[in-house]
Amino acid sequence: MRELASIRKDINSVDSAIRELFLLRMSLAHEVAETKAQSDDKIYKPDREAEIIEMRSAGMEEEVRLKYIALLQSMIRASREYQYSEILRLNPEKFPFHPSSEMLKPKTVFYQGVPGAYQELAARALFPECEPVNVPTWEEVFQSVRDGKADVGVVPVENTTAGTVSAVYDLLLDYDLSINRSYIKKISHCLAAVPGATMADIRSVCSHPHALPQCSAFISAHGFTAIEAANTAIAAQNVRDKGDVSLAAICSREAAERYGLSILAEGINDMKHNETRFIAVSRTPTCLPEDNRIEIAFHIPNAAGTLITVLDIIAHYGIDMTEIHSRPLKDSPWCYVFYVDFTGNISDHAVRSLLYQLHEELPYIKVLGSYKVD
């Protein structure tokens, strides 16, 4: 039996040879890119890649064959990624997305709910020069922006306790709007009731379906019945209008004060680090120098391994993925649209190469937005 040091010496020699061969292969990939940049030939040819893998791995013992296929697939992907990058350097006009470099300067901003809602507070924080306009539903926010009644809509997309707001993500695709800004607001819920009511009087609490689970421990500890309302501020408005001492709202301090309610308890959310991320959507995609986050949505073929392949591609570009979630694809049972956030700016070459590759290789991709996250 050989000494380990001797075996390692041979491994080092093999690794050095693999390094040189890999550099040679990348050099050849560069030549391919130069040729395809002139011929407009496709980079991704899955049938040819499958044929190469089958031919190269033939005759190997099965366990080793599987490992070799994984190595070969990785090398082929690296070659493709290199080609996309080089073609974009040679022909920047091939980049398929064209965001505006102009800063968004809206005159009209819409949000869902009534004055005092967290969405109104977010709209004022994002666009202090505008007077926000309220509409009853998120869909009306999107409709108003699409139809030109509003320049911008401000909606919630995620809460640290309740998770993503799935309906808003669906509307982003339905109405083909773009995310231009992002704002994270610390959420501190209070229990508010009509003047004169005491904690002992309260039997029921009403609030938005996302706010109620954020306060589930508080609600359970007091034995309250939870009632859903369209919005936290609408809940406060309903309590005021009903004048029932047994009914309280879970809302912001601002909403309680606006509707003349007494605050019976503050900071009632289960998690004290409770934040909601809001986005501003408009008809025009933008990319500003200070933007550091990009969000995309895509479909993938319904085949084993396709999602991990996409995630590998993102990782191979050295890009940090910050979030992923999925939603059912309408009219296509057991198929999904995936939403991915990652760091970077659309002007970065690596980001442009990634988006160019995904555009060429996936059945559908949309850049949902570019924005700054502090």
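Values in this text are rule-based calculations from the coordinates and carry no lab data. Since the structure is predicted, the reported quantities are computational estimates derived from the model, not experimental observations. Don't worry about glycine lacking a Cβ; one is built from the backbone with ideal geometry, like all the others, and counts go over all protein chains shown.
Computed from backbone phi with θ = phi - 60° and the Karplus coefficients 6.51, -1.76 and 1.60, the 3J(HN,Hα) list for segment 97-112 is 10, 9, x, 6, 9, 7, 5, 5, 10, x, 9, 10, 10, 10, 9, 9 Hz; x is used for glycine and proline.
Database remark: amide H of S100 closer than 5 angstrom to the amide H of T286, C287 (H placed geometrically; neighbours at sequence offset of 5 or more, or on other chains; Pro and chain starts carry no H). At q = 0.08, 0.16, 0.21 Å⁻¹, what log₁₀ I(q)/I(0) does segment 1-144 have when each alpha carbon counts as one equal point scatterer in the Debye sum? Summing over Cα pairs of segment 1-144 leads to -0.55, -0.94, -1.29.
Angle between the Cα long axis of helix 349-361 and the longest principal axis of the chain, 0 to 90 degrees, nearest 10? It works out to around 80 degrees.
Every helix of 4 or more DSSP H residues in the chain counts as -39500 (n - 2.57), and over all residues that averages to -13000 deg cm²/dmol at 222 nm.
Out of every Cα pair in segment 18-84, what percent are spaced more than 19 Å from each other? Roughly 39 percent, once rounded to a whole number. With q set to 0.13, 0.15 Å⁻¹, the log10 of I(q)/I(0) for segment 86-181, from the Debye formula over equal scatterers at the Cα positions, is -0.52, -0.65.
Could you tell me how many degrees, from 0 to 90 and to the nearest 10, lie between the Cα long axis of helix 232-242 and the main elongation axis, the longest principal axis, of the Cα atoms of the chain? Rounded to the nearest ten degrees, it is 20. Based on Cβ point charges of +1 for Lys and Arg and -1 for Asp and Glu, what charge dipole magnitude is obtained for segment 62-120 about its Cα centre, in debye rounded to the nearest 20? It works out to roughly 100 debye.
Would you be so kind as to identify which of A123, N134, N91 lies farthest towards the positive end of the dipole of segment 59-138, taking Lys and Arg as +1 and Asp and Glu as -1 on Cβ and the Cα centre as origin? Selected residue: N91.
Shown here: Cα Rg over 2.2 N^0.38 Å, derived from the displayed model; of the candidates [x] 1.29; [y] 1.04; [z] 1.48, it corresponds to [x].
Take every Cα pair under 8 Å whose residues are at least 6 apart in sequence, average their separation, divide by the length of the chain, and the relative contact order is 18 percent.
Couplings 3J(HN,Hα) for segment 133-146, derived from phi with the Karplus relation 6.51 cos²θ - 1.76 cosθ + 1.60 (θ = phi - 60°), are 10, 9, 10, x, 9, 5, 4, 5, 4, 5, 4, 5, 5, 4 Hz, where x marks Gly and Pro.
With respect to the chain, whose longest principal axis is taken over its alpha-carbon atoms, helix 306-316 is tilted by about 80°.
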